[in-house]
1. Applying the Karplus parametrisation 6.51 cos²θ - 1.76 cosθ + 1.60 with θ = phi - 60° to the phi angles of region 156-162, what ³J(HN,Hα) value in whole Hz is obtained for each residue in order, glycine and proline being reported as x?
2. In Å³ and rounded to a whole number, note down the convex hull volume per residue for the Cα atoms of region 111-188.
3. Give me the net charge of Ala71's neighbourhood, meaning all other residues with Cβ under 14 Å from the Cβ of Ala71; Lys, Arg count +1, Asp, Glu -1.
4. Please list the radius of gyration and Dmax for region 49-179, considering alpha-carbon atoms only, with Å as the unit.
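Only the coordinates and a few stated rules stand behind these numbers; no lab work does. Everything numeric in this text was worked out from a predicted model, so none of it was measured. Reconstructed Cβ throughout: ideal geometry from the backbone, glycine too, with neighbour counts over all protein chains shown.
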Amino acid sequence: MPVPIRRLFVALTLCCALLAGATACGSATEDATQNTAAVVAAATPSPSTTAERQKLAKTRFVANAGLAAGATYQWIVKPWKAGKFKKGAGGRRFALVKAGLAGAFAYNRLKAAKKNAQGDPTLSKALAPLTAGIDSLKDLPSKLRKGDSTDATASSFDDIINKVKDAGKSAGAEVTDKVPSAGQLTGG
């Protein structure tokens with residue numbers, strides 16, 4: 001049975017196209033792999049210079065200390081001054097739980113601010129006397145949640161936050177209160 005020439009020509013053309021495409025894909029795959037490796041190598045972060053680290057340290061310190069100050073004022077100091085922590089006050093339990101969460105959040109942000117301050121010589125000198133005070137806040141959120149000695153606990157949070165704000169101001173990094181959302185409090 002003879003095969004028409006037209007079918008033979010189409011089959012031969014199709015085979016040549018597939019063969020050329022397969023060889024082209026093979027070399028393109030190797031090139032793509034090399035290009036991808038070059039892009040990954042170029043995308044790896046490089047360490048920042050000392051000047052950048054110091055500049056970012058001050059900015060991060062202000063952000064973290066501001067969040068700690070905002071949380072402390074909004075959910076610990078204001079309710080404390082309003083008398084929400086006193087026995088028999090309406091909404092006391094809810095206020096204490098929020099204060100405990102805010103205290104844990106503030107402690108976390110103050111520790112981060114202390115770490116940020118270590119990147120800047122001026123801030124580290126200004127914050128050095130406060131490290132013991134910041135570390136002493138560790139157990140206070142649980143005391144707030146339980147309702148134990150709420151006046152002393154709220155007062156100590158307020159004192160430490162004010163001292164951190166003063167230390168930042170003396171080092172040229174003025175801290176302003178930034179109230180975190182309730183989601184930030186529970187999410188950490």
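1. 5, 4, 4, 4, 5, 4, 5
2. Working: hull volume 7.9 nm³, N = 78.
Enclosed volume per residue, from the Cα hull, is 101 Å³.
3. Working: positive: Lys78, Lys98, Arg109, Lys111, Lys165, Lys178; negative: Asp158, Asp177.
Counting the neighbours of Ala71, the net charge comes to +4.
4. Over region 49-179's Cα set, Rg and Dmax evaluate to 15.1, 56 Å.
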